[in-house]
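Only one structure is covered here, and it is reproduced in the block below.
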Amino acid sequence: MGDASGAATFRMPAEAYDRHVGRYGGELARALIAAAGVRPGQRALDVGCGPGALTGELVALIGAEHVAAVDPSVPFAEACRRRLPGVHVEVASAEALPYPDAAFDHAFAQLVVNFMTDARAGVREMRRVTRPGGTVVAAVWDYAGEMTLLRRFWDAAVSLDPSAADRDEGRCMPFCTPDELGDLWRAAGLAEVHVAPVLASAQYDGFEDLWQPLELGVAPSGAYVTSLAPEHRTTLKDELRRRLEVGHAEFQLTARAWITTGKAH
């Protein structure tokens, strides 16, 4: 992950991430697994595993002994290891995967490609460790469009502070459009490349349930919140709540991601 894209904000307790975009992780993971066509008996690698949302879904399908995971964040790797005994979890980057060629049937990257220091090298490594005929799969949020939480957040931030546009993930995040992702997969030497949208959802007990993880500084959005003076933070909080049109009652948000698949050969 590259710090320029906010990767440093993921070096924190896993529970903070769970309460932010981690809420969408299980549903998104199941969509990724379906897109790859994972079957019992196969081996899978989760690149940039975070606290283990996708890793856990893989374990449920193919067993811990058939799953490996890596993440450059020590707290996240430790959380994944603790939550999923039997999974081989290592602290490593996508650009230097500690596995031999053709070691897996599938290589996954859930919400991580755009945070890689060198995404081209990272996807090439994922292809390298995938057997011929195996699948390289990733999901990236539709930051500029229908990832509701982050789109409303940055729209609110920019409306109050035009300089926040430089940090708006929908404007500055690489590899978050279908064309960019398709080109990235083809440049890595993958075949039968396909990019498709998927919707995931998350439940919130009320607006405070959504806001509090941002106060912990997780992800680029949280890092922006913690950079603000208290009075500006309060103003942003009120503006985001207004744009989401939510209050103290429970509510649900949806988030669109782009799933990209390609075959190793």
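Among the residues of region 155-167, is there at least one that is outside any helix (DSSP H, G or I), farther than 19 Å from Val21 by Cα and polar (S, T, N, Q)?
No, because not a single residue in region 155-167 is outside any helix (DSSP H, G or I), farther than 19 Å from Val21 by Cα and polar (S, T, N, Q).
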Would you say His232 is in contact (Cβ under 8 Å) with a residue 40 or more places away in the chain, within 30 Å of Pro132 (Cα to Cα) and surrounded by fewer than 17 Cβ atoms within 10 Å (Cβ to Cβ)? no
If a residue must be over 24 Å from Ser73 (Cα atoms) and either in contact with a helix residue (DSSP H, G or I) (Cβ under 6 Å, 6 or more places away or on another chain) or in a strand (DSSP E or B) (or both), how many such residues does region 203-232 contain? 3
How many residues of region 234-259 are more than 25 Å from the chain's Cα centre (by Cα) and in a helix (DSSP H, G or I)? The answer is 5
When you scan region 49-56, do you find a residue that is without any contact (Cβ under 8 Å) to a residue 40 or more places away in the chain, under 13 Å from the mean Cα position of the chain (by Cα) and on the phi > 0 side of the Ramachandran plot, even just one? yes
Unmet requirement for Leu190, which otherwise passes all of (1) over 18 Å from the mean Cα position of the chain (by Cα); (2) at pLDDT below 95; (3) of a type in the set (A, V, I, L, M): (2)
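Taking the condition closer than 21 Å to Thr117 by Cα, out of contact with any Lys or Arg (no Cβ under 9 Å at 6 or more places or on another chain) and charged (D, E, K, R), does Asp18 pass? I'd like the intermediate steps shown before the answer.
On the way: closer than 21 Å to Thr117 by Cα: no; out of contact with any Lys or Arg (no Cβ under 9 Å at 6 or more places or on another chain): yes; charged (D, E, K, R): yes.
Considered against the rule, which asks whether it is closer than 21 Å to Thr117 by Cα, out of contact with any Lys or Arg (no Cβ under 9 Å at 6 or more places or on another chain) and charged (D, E, K, R), Asp18 comes out as no.
Being at pLDDT 95 or above, surrounded by 15 or more Cβ atoms within 10 Å (Cβ to Cβ) and of a type outside the set (Gly, Ala, Ser): is that true of Asp238 here?
Numbers: at pLDDT 95 or above: yes; surrounded by 15 or more Cβ atoms within 10 Å (Cβ to Cβ): no; of a type outside the set (Gly, Ala, Ser): yes.
Taking the combined requirement at face value, the residue does not satisfy it.
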How many residues does region 195-215 hold that are farther than 18 Å from Arg241 by Cα, surrounded by 14 or more Cβ atoms within 10 Å (Cβ to Cβ) and touching a residue at least 60 places away in the same chain (Cβ under 8 Å)? 3
For Thr135, are the conditions met, namely being of a type in the set (Val, Ile, Thr), part of a strand (DSSP E or B) and either out of contact with any Lys or Arg (no Cβ under 6 Å at 6 or more places or on another chain) or under 30 Å from Thr254 (Cβ atoms) (or both)? yes
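Among the residues of region 166-187, write down those that are aliphatic (A, V, I, L, M) and modelled with pLDDT of 95 or more. Outline the logic, then answer.
First, the residues of region 166-187 that are aliphatic (A, V, I, L, M): 173, 181, 184, 187.
Selection gives Leu181, Leu184, Ala187.
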May I ask you to list the residues in region 139-154 that are of a type in the set (A, V, I, L, M, F, W, C) and assigned to a loop (DSSP other than H, G, I, E, B)? Ala144
Exactly one of Arg83, Arg120, Arg128 is surrounded by fewer than 19 Cβ atoms within 10 Å (Cβ to Cβ) and within 25 Å of Ala200 (Cα to Cα), and that residue is Arg83
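The values are calculated or read from the model by the stated rules, or taken from the named source; none is laboratory data. Just so it is clear, the model here is predicted, and its values are computed rather than measured. Note: ideal-geometry Cβ built from the backbone for every residue, glycine included; neighbour counts use all protein chains shown.
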